[in-house]
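Below: the structure, in structure tokens.
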Amino acid sequence: MDSTLILTCLAIVTASSSLAALGLLAVRRFVKAESLKASHEVGGYLLSIVGTIYAVVLGLVVVDATAKYQQAMTITEQEANCLADIYLLSNQYPEKKKEVIHDLCRAYARQLVDQEWKLMNCSRQCPQTQGTALELMQAVCDFEPATEKEIAIYPITVQEACSLWDNRRARINLATHGMPMVEWVTLLVGGSLTIAFTYFFAINSLRTQLLMTVIVTTITSLNLYLVYVFAHPFSGLLRVTPDAIELDRSIFEKVNR
């Protein structure tokens with residue numbers, strides 16, 4: 001695992017746990033334990049309701065974030081597979097058409113890795129790479145097959161080109177539309193209020209209550225960290241890499257030998 005992920009996780013957990021512990025100490029300083037114990041019965045029911053609601057919301061967001069990350073990986077691999085298939089299938093085309101498609105495939109892979117992947121870190125796409133993808137679509141579709149082999153391969157190549165464009169569009173959509181700010185506000189405010197709700201209980205051992213508060217805060221912050229890591233699959237700490245496209249480039253080099 002990347003050391004940056006571990007250090008960031010430790011920093012978030014430490015900071016949130018420290019703030020939660022300070023909040024508990026502040027409440028216990030200004031509010032008597034006897035007053036807090038008097039509200040245990042009603043507060044316990046309310047805390048179970050609040051905690052359950054927040055746990056359900058947080059769990060759904062975590063699942064959605066991890067699903068988007070997995071989707072981003074799948075889309076990238078499918079896009080790379082389509083690009084490689086177009087390159088290899090075009091070997092059966094006439095020499096002039098084959099060279100045009102090969103050049104566009106190599107250009108698209110190069111621009112995608114060297115230019116667009118960096119821009120996706122800022123939730124943007126590369127207009128030049130998009131233009132190359134359109135040129136590749138046009139080059140594949142603008143062909144009249146003559147031989148039986150070309151007639152058999154042509155619809156497959158067109159289908160791969162369409163799939164390439166579909167996967168590209170889905171990838172750009174995931175890169176430019178991350179997790180909405182309203183969800184972050186809901187999660188952060190909801191988590192803070194849920195933890196703050198635990199302050200209005202009191203047990204005889206303050207150390208024990210501090211430990212329980214830290215444990216609850218750690219679990220909550222770890223789940224929020226998961227959302228933070230997976231919510232932006234192309235720009236987060238655990239971003240999807242263009243390894244599949246790099247593999248395509250190595251295939252292109254081997255085929256050209």
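The values are calculated or read from the model by the stated rules, or taken from the named source; none is laboratory data. Everything quoted here is computed from the prediction, not taken from an experiment. Positions of Cβ are backbone-derived with ideal geometry, glycine not excepted, and every protein chain shown enters the neighbour counts. What goes into the accessible areas is simple: the full protein's heavy atoms, side chains included, and nothing from ligands, DNA or RNA. Shrake-Rupley method; radii C 1.70, N 1.55, O 1.52, S 1.80 Å.
For segment 148-173, the set of residues classified as surrounded by 20 or more Cβ atoms within 10 Å (Cβ to Cβ), touching a residue at least 60 places away in the same chain (Cβ under 8 Å) and among the hydrophobic types (A, V, I, L, M, F, W, C) consists of Ala161, Leu164, listed by residue number. Determine the pairs where a residue that is within 19 Å of Arg207 (Cα to Cα), located within segment 28-48, has a partner that is open to solvent by 90 Å² or more (accessible area, probe 1.4 Å) and assigned to a helix (DSSP H, G or I) with Cβ atoms under 6 Å apart, the partner being 6 or more residues away or on another chain. Once the first residue is within 19 Å of Arg207 (Cα to Cα) and sits in segment 28-48, its partners that are open to solvent by 90 Å² or more (accessible area, probe 1.4 Å) and assigned to a helix (DSSP H, G or I) give Leu36/Phe200. Of the conditions (1) touching a Lys or Arg at 6+ places or on another chain (Cβ under 7 Å); (2) modelled with pLDDT of 90 or more, Leu206 fails just one. Which one is it? Every listed condition holds for Leu206 apart from (2).
Restricting segment 63-83 to residues that are open to solvent by 10 Å² or more (accessible area, probe 1.4 Å) and aliphatic (A, V, I, L, M), the residue that is nearest to Glu160 (Cα to Cα) is Ile75. In summary, helices (runs of 4 or more DSSP H) completely within segment 3-99 and bearing 3 or more residues that are under 36 Å from the mean Cα position of the chain (by Cα) and of a type in the set (Val, Ile, Thr) occur at 3-30, 40-89.
Please determine whether any residue of segment 2-9 is acidic (Asp, Glu) and either surrounded by 13 or more Cβ atoms within 10 Å (Cβ to Cβ) or modelled with pLDDT of 90 or more (or both).
Quick first cut of segment 2-9, residues acidic (Asp, Glu) only: 2.
Among the residues that remain, those that are also either surrounded by 13 or more Cβ atoms within 10 Å (Cβ to Cβ) or modelled with pLDDT of 90 or more (or both) are: none.
For segment 2-9, residues acidic (Asp, Glu) and either surrounded by 13 or more Cβ atoms within 10 Å (Cβ to Cβ) or modelled with pLDDT of 90 or more (or both): absent.
Residues in segment 205-257 that are open to solvent by less than 60 Å² (accessible area, probe 1.4 Å), assigned to a loop (DSSP other than H, G, I, E, B) and among the polar types (S, T, N, Q) were compared, and the one that is farthest from Ala11 (Cα to Cα) is Ser205. Among the residues examined, Glu144 qualifies as acidic (Asp, Glu), modelled with pLDDT under 85 and out of contact with any Pro (no Cβ under 6 Å at 6 or more places or on another chain). Evaluated against (1) outside any helix (DSSP H, G or I); (2) crowded, with 16+ Cβ neighbours inside 10 Å, Ala109 falls short on exactly one condition, (1). In segment 235-257, the residues that are touching a residue at least 40 places away in the same chain (Cβ under 8 Å) form Cβ pairs under 6 Å with partners that are surrounded by fewer than 16 Cβ atoms within 10 Å (Cβ to Cβ) and in a helix (DSSP H, G or I), at six or more places apart or across chains, as follows: Leu237/Leu5; Val240/Met73.
Please find, within segment 113-122, the residue that is modelled with the lowest pLDDT out of those that are open to solvent by less than 50 Å² (accessible area, probe 1.4 Å) and within 15 Å of the chain's Cα centre (by Cα).
Residues of segment 113-122 that are open to solvent by less than 50 Å² (accessible area, probe 1.4 Å), as a first pass: 113, 116-117, 119-120.
Then drop every residue that is not within 15 Å of the chain's Cα centre (by Cα), which leaves 117, 120.
Values: Trp117: 91, Met120: 87.
Of everything passing the filter in segment 113-122, Met120 is modelled with the lowest pLDDT.
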